[in-house]
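Bear in mind that the values in this text are calculations on the coordinates, not laboratory data. Fair warning: this is a prediction, and the values are worked out from it, not measured in the lab. Neighbour counts run over all protein chains shown; Cβ positions are idealised from the backbone, glycine included.
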Amino acid sequence: MKVIGVELSANDANVCLLSLDNELFQIPDCRARKISLPKNATSKDLRYFQATFAKLVQDYKIDKIVVRERPMKGKFAGGAVGFKLEAALELILEVDTVIMAPTVIKEAIKRNPVPVPFAETGLKGFQQIAFDAAYGYLMKDKYEI
């Protein structure tokens with residue numbers, strides 16, 4: 001199974017590809033680490049973002065998009081643009097999108113820690129939350145969280 005973890009932050013979607021095959025994880029090379037929307041995005045920009053992400057899903061044969069859930073209110077609430085990006089991802093027809101709560105991700109990682117330190121994965125620091133979302137998703141079914 002191949003998933004793409006996504007962390008939505010302001011106008012950016014930080015992404016990380018992760019695959020699991022016969023209990024072996026792989027981090028495939030990906031042409032995108034971050035897909036951004038302009039500050040004053042129009043509906044045309046949002047459609048372009050969605051088309052770009054859909055092409056990424058198609059090209060890398062992704063089975064699931066896993067988005068780390070953000071609170072709707074409070075100190076760490078997501079912004080309006082982030083929720084637009086989330087909706088654009090959920091409306092991509094070619095793939096299912098899963099929204100995972102941070103607590104579920106943490107529990108999955110706690111039950112099955114990542115076998116290598118994040119620094120050794122070759123990913124950028126800003127991709128860690130997206131990586132955790134993808135890894136947590138792949139581990140949650142194993143432990144039925």
* Structure fact -> Which of Val95, Val116, Val104 fluctuates most in a GNM of the chain (C-alpha springs under 10 Å)? That residue is Val116
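How much of the DSSP bridge set in the chain is antiparallel, in percent, rounded to the nearest 5? Let's see the in-between values first.
Values: 14 of 23 bridges.
Expressed as a percentage, antiparallel bridges in the chain total about 60.
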* For the chain, modelled as a GNM with alpha-carbon contacts under 10 angstrom, which of Ala130, Ala32, Ala13 fluctuates the most? -> Ala32
* **Farthest toward positive dipole pole in the range 2-143 [+1 Lys/Arg, -1 Asp/Glu at C-beta], among Pro71, Val104, Thr121** => Pro71
* Angstrom value of the Kirkwood radius, inverse mean 1/r, which spans all Cα pairs in the chain -> 15.4
* Asked: Under unit Cβ charges (Lys, Arg +1; Asp, Glu -1), what dipole magnitude, rounded to 20 debye, does the range 2-143 have relative to its Cα centre?
  -> 480
* Arranged by the count of other C-beta atoms within 10 angstrom, fewest first, what order do Asp59, Asp12 take? -> Asp59, Asp12
* **Where only alpha carbons of the range 62-115 are counted, the Rg and the Dmax (Å)** => 13.1, 36
